[in-house]
Structure formats: C-alpha cells, structure tokens
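Asks: First, the structure itself, so that you have it in front of you.
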Amino acid sequence: MPQINAALVKAVASEFRSSENKLRDQYRHPAETLAFFDVKPDQTVIELWPGGGWYAEILAPYLAEKGQYVAANFETKPATETRQSAYYQSAGLKFEKWVNDNQATVGNVQFVTLDPPAKFALGEDNSADHVLTFRNLHNWAMKGELEGVFKAAYDVLKVGGSLGVVEHRANVGMPAESGYMDQNQMVELAKKYGFELTASSEINANPKDTKDYPKGVWTLPPRLAMGDEDKQKYLDIGESDRMTLKFTKIATK
C-alpha cells in the first residue's frame, strides 16, 4: 500500500468533515483508497457524480491550495421534468450550495455536468490527472451509458493519468440492477477504451457480504432499504464488498 502523505492524513482527519461521514471511514478507507489511486495535492482531479459530497469533503480541501477539484455534477437545469431528473436536480443544487457555503475551505471548485446520454464531456482532452468514481458504475450500466462514461474519462485524462474505480463487486452473473458489478467485465470494458489495469486493491473488500439480499446492495448500510427488518443483521455485515481498481491511460488513441 502506498504511503499516505501528511496532507491527505490532515484532510481525512479534518474537523471540516461531518462526524456522520467519518463513521463510514471504517468501510470506505478514504486515506488508503486515495493513496492507492496516488492522488497528490497539486493535481487536477475530476470526481464523477459526487452526490452528497462524501469524498468531496476530503478531496476539495486537499486540492484547494495547489491542485484543482472538478465536480462532474448532476444536471441542475433539466430540459424535461421527470421524477429522476427532479431528484438529480435537487441533489446537484444541494451540492452546489454546499460548495458555495464552504468556499473558504474547498477553494475554487470547478463544475462540469455529467448527464448521460446528453452530456458526457468532462473537460478538455488530456487535461486531468485523475478521474474518480465511487459506487456509481451500476447507475450508468442500468441505462446502457457506462461505455460512454469510460470513453469520456479516457478522453479527459492526460497520458499516464488514471481512472480510479470503487464499486460494489458482483458474483458472476449478477445483474447491474442488484447494484453490484462484475469486476472482470469492468476490466475488459476499460481495456476496450484504451485503459490498462495497473493496480487493484482489496482495501474495500468485505467477505461478510453475501450479495443475496431482498433489495440488492441497498439492503446494506448506509441505505438499509429494508428499514427495521433484520436491521441489526445488515449492520453487522456492514457496507458492501467493493472492488478498488486503478486504470491508467497509457497512450492517446
């Protein structure tokens, strides 16, 4: 495991982070994960769909002084109103407000809109050091949009830059609708778009996760989709078993 630098230790331990989010560190290992992805404080890092900002709380302050944090956020100005577009709009606006309210700590955060299939572009080609995505691949896969995301990540990365993936790890044959994704299939998809798998880690593995729940991965914490039914059982299992993969852009296609 790569050494965790002092700036990253500080960002993870910071009082800026909510106590609720810190409770998840036992499952998500943010310091070890970001060190594994080799994210340095002077780099340009794009996070795909930061959602509620769990990783943004760490990454944005970490990159504020010398680097650049870019949020590939939800669409906040949807062309059509659907239940899902309204959800994304609300979450995206909430994240924007969080950034604005905390500008002194998070610095000059940049935004792009990732709204497949209408908007895939993540920035200028060959401009980013890292593209990171945490537990999002299934969302795009369920809509047939995952290949476009991999291509967009490849295009925006510099040669030698990396796509860092943390995702719920499926047993063979599980559908994306379960929330879990097949690790070998993700490796093959990345290769298709020009990436090379340069490292994998078991830092976010969970052997207690049997992956056979009534409401898929969302049965487990933090979602606990079954409510109080068998709640302690699912709390004892903890968060999902996750793959942690580092793909590197080795050359321009």
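Asks: Give, to the nearest whole percent, the P(r) tail of segment 205-253 beyond 13 angstrom, counting all Cα pairs.
Replies: 59
Asks: Which loop-located chymotrypsin sites (Phe, Trp or Tyr not before Pro) does segment 1-83 contain, where loop means any DSSP state but H, G, I, E or B and the Cβ has at most 16 other Cβ atoms within 10 Å?
Replies: For chymotrypsin sites (Phe, Trp or Tyr not before Pro) across segment 1-83 that sit outside H, G, I, E and B with at most 16 neighbouring Cβ atoms in 10 Å, the list reads 16.
Asks: Sticking with this structure for a sec: Please report the projected area of segment 1-149's Cα convex hull averaged over all directions, in nm².
Replies: 9.4
Asks: Cβ under 14 Å from residue 31's Cβ, residue 31 left aside: what net charge do those residues give with Lys, Arg +1 and Asp, Glu -1?
Replies: With Lys, Arg at +1 and Asp, Glu at -1, the neighbours total +2.
Asks: Segment 82-190: which GluC sites (Glu not before Pro) are DSSP loop and have at most 11 other beta-carbon atoms within 10 angstrom?
Replies: 124
Asks: For the chain, what mean projected area does the convex hull of the alpha carbons give, in nm²?
Replies: 13.3
Asks: Something else: Sequence-distant or interchain residues sharing an amide H contact under 5 Å with residue 126, placed H: which?
Replies: Excluding prolines and chain starts, which carry no amide H, the hits are 156, 157.
Asks: Follow-up. Averaged per residue, what accessible area in Å² does the chain show with a 1.4 Å probe, protein chains only?
Replies: Using a 1.4 Å probe on heavy atoms only, each residue of the chain averages 48 Å².
Asks: While we're on this one: For the chain, what does -39500 (n - 2.57) per DSSP helix run (n ≥ 4), summed and divided by total residues, give at 222 nm, in deg cm²/dmol to the nearest 500?
Replies: That comes out to -9500 deg cm²/dmol.
Asks: What nm distance separates the two modelled labels at residue 250 and residue 104, each placed 7 Å from Cα along Cα→Cβ?
Replies: Rounded to a tenth, the inter-label distance reads 4.8 nm.
Asks: Could I ask something else about it? Under the rule of at least 5 residues apart or a separate chain, name every residue whose amide H is placed under 5 Å from the amide H of residue 220.
Replies: Under 5 Å from the amide H of residue 220: 225.
Asks: Determine the share of segment 86-173's accessible area contributed by carbon and sulfur atoms, expressed in whole percent, with a 1.4 angstrom probe.
Replies: C and S atoms contribute 48 percent here.
Asks: Which far-off residues, 5 or more places away or on another chain, put their amide H under 5 Å from the one on residue 169, with H placed in the peptide plane?
Replies: 181, 241, 242, 243
Asks: In segment 1-78, which GluC sites (Glu not before Pro) are in a loop and have at most 10 other Cβ atoms within 10 Å, using DSSP for the loop call?
Replies: The qualifying sites are 15, 65.
The values are calculated or read from the model by the stated rules, or taken from the named source; none is laboratory data. If you're wondering where the values come from, they're calculated on a predicted model, not measured in any experiment. All Cβ positions, glycine included, derive from the backbone under ideal geometry; neighbour counts span all protein chains shown. Only protein heavy atoms, including side chains, enter the accessible area calculation; ligands, DNA and RNA are left aside. Shrake-Rupley method; radii C 1.70, N 1.55, O 1.52, S 1.80 Å.
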